[in-house]
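Here the structure is laid out as structure tokens; the discussion comes afterwards.
Nothing in this text is a laboratory measurement; each read-out follows from the coordinates by a stated rule. Note that this is a predicted model, so its numbers are computed, not measured. Because the Cβ atoms are built from the backbone with ideal geometry, glycine has one as well, and the counts that use them run over all protein chains shown.
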Amino acid sequence: MESTSALNRRELRGYLQRIGDRWPVRSALLGGARVADEYGAPPQRERGPEYVVVLVSEAFDGVPWLERVYQAGSLWDSLEMGAPADIHCYTPAEFGRKRNSMPAVREAAEHGVDLLEESRS
């Protein structure tokens with residue numbers, strides 16, 4: 001079994017900066033298998049996506065969903081992070097609905113890393 005290293009927090013801060021240069025972000029959450037690994041999840045499990053990024057911004061209002069996801073995804077450095085990410089970009093209202101209807105979004109919101117909080121510390 002391949003061992004996973006700790007999250008690349010330097011690159012995560014860089015990603016958050018690149019995102020913030022385009023959109024004022026209200027919330028930036030990181031979930032996925034690598035976060036679960038860091039929190040001690042057992043290796044014998046269905047991993048799902050390695051990273052799930054949930055970005056919430058009022059500035060997404062009026063921007064087509066695919067365009068948001070494409071732009072935010074193009075700023076993610078898969079090589080530096082060791083894996084691609086499933087990117088979710090929502091307005092606050094959309095996030096409220098998706099948090100209830102999408103397990104990956106709910107998991108990131110409830111058990112993920114708050115990237116904005118980490119960037120302040």
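Values for this structure:
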quantity: Count of residues meeting criterion [surrounded by fewer than 17 Cβ atoms within 10 Å (Cβ to Cβ) and among the aliphatic types (A, V, I, L, M)] in the stretch 77-101; calculated: 3
quantity: Matching residues in the stretch 44-76 - criterion: being among the small types (Gly, Ala, Ser), farther than 14 Å from PRO92 by Cβ and buried (at least 18 other Cβ atoms within 10 Å of the Cβ); calculated: ALA72
quantity: Members of the stretch 18-33 found to be farther than 21 Å from ARG120 by Cα and within 11 Å of the chain's Cα centre (by Cα), listed by number; calculated: GLY32
